[in-house]
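So that we are looking at the same thing, I have put the structure below in structure tokens.
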Amino acid sequence: MPEKEYEANIKQICELLQSDPTPEVIQGLRDAFEALSKQLRAGPFLEVFETTLSNIPFSALFSLLAAPDNKLIVTVAGVTGLLLKPVTWPMVHQTFEEYIIQGLAHPHPVVKSLVLRQFLKCEEKTDP
């Protein structure tokens, strides 16, 4: 079975994450994450979501939010927000408490907004 476009993109991101953060690598990450964002929106969401998270841990995404490149921060925050969308508040709080604290102190407003959107989940019902 041929490799799907999002799978090739995720593979490229993984390879770039192993590289030194040269300007070319940062540009490659920006481009790859922009493509991944489009692929998550276009779907099939669950398939792209599971493949992304089985290859790129949230810790890698969160570490990229400290990159010295505003466009990369905005793009990664957007992808992270899409990936966190189906995750409930109790799971976010339990799993990502350390990152929530760091995100609230982050200098970039997009990252703070990402964290605050997670707080809004605590108001949502988690059971039927």
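Among (1) in a helix (DSSP H, G or I); (2) within 21 Å of V110 (Cβ to Cβ), which single condition is A66 missing?
Against the list (1) in a helix (DSSP H, G or I); (2) within 21 Å of V110 (Cβ to Cβ), A66 comes up short only on (1).
Which one of the conditions (1) surrounded by 15 or more Cβ atoms within 10 Å (Cβ to Cβ); (2) on the phi > 0 side of the Ramachandran plot does G43 fail to meet, given that it meets all the rest?
Every listed condition holds for G43 apart from (1).
Okay, moving on. Among the residues of segment 10-19, write down those that are acidic (D, E) and open to solvent by less than 30 Å² (accessible area, probe 1.4 Å).
The answer is none; no residue qualifies.
Let me ask something else about it. Which one of these is of a type outside the set (F, W, Y) and modelled with pLDDT under 90: L16, L53?
L53
Taking the condition of a type outside the set (D, E), within 19 Å of R30 (Cβ to Cβ) and open to solvent by 70 Å² or more (accessible area, probe 1.4 Å), does P86 pass?
When the stated conditions are applied, P86 does not pass them.
Among (1) touching a residue at least 12 places away in the same chain (Cβ under 8 Å); (2) at positive phi, which single condition is A60 missing?
Unmet condition: (2).
Regarding L116, is this residue among the hydrophobic types (A, V, I, L, M, F, W, C), assigned to a helix (DSSP H, G or I), loosely packed, with under 12 Cβ neighbours inside 10 Å and over 12 Å from the mean Cα position of the chain (by Cα)?
no
So that you can scan it fast, the table gives a plain yes or no per residue for (1) farther than 15 Å from I10 by Cα; (2) surrounded by fewer than 13 Cβ atoms within 10 Å (Cβ to Cβ):
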| position | (1), (2) |
| --- | --- |
| P21 | yes, no |
| R30 | no, no |
| Q39 | no, no |
| V48 | no, no |
| F58 | no, no |
| P68 | yes, yes |
| A77 | yes, no |
| I101 | yes, yes |
| H108 | yes, no |
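Could you tell me whether V111 is assigned to a helix (DSSP H, G or I) and touching a Gly at 6+ places or on another chain (Cβ under 9 Å)?
yes
Can you find a residue that is touching a Ser or Thr at 6+ places or on another chain (Cβ under 7 Å), of a type outside the set (D, E), over 16 Å from K71 (Cα atoms) and open to solvent by less than 30 Å² (accessible area, probe 1.4 Å) anywhere in segment 1-9?
Scanning segment 1-9, I find at least one residue that is touching a Ser or Thr at 6+ places or on another chain (Cβ under 7 Å), of a type outside the set (D, E), over 16 Å from K71 (Cα atoms) and open to solvent by less than 30 Å² (accessible area, probe 1.4 Å), so the answer is yes.
The values are calculated or read from the model by the stated rules, or taken from the named source; none is laboratory data. What you are looking at is a predicted structure, and each value in this text was computed from that prediction instead of being measured. So basically every Cβ, Gly included, is an ideal-geometry build from the backbone, and we count neighbours across all protein chains shown. What goes into the accessible areas is simple: the full protein's heavy atoms, side chains included, and nothing from ligands, DNA or RNA. Shrake-Rupley method; radii C 1.70, N 1.55, O 1.52, S 1.80 Å.
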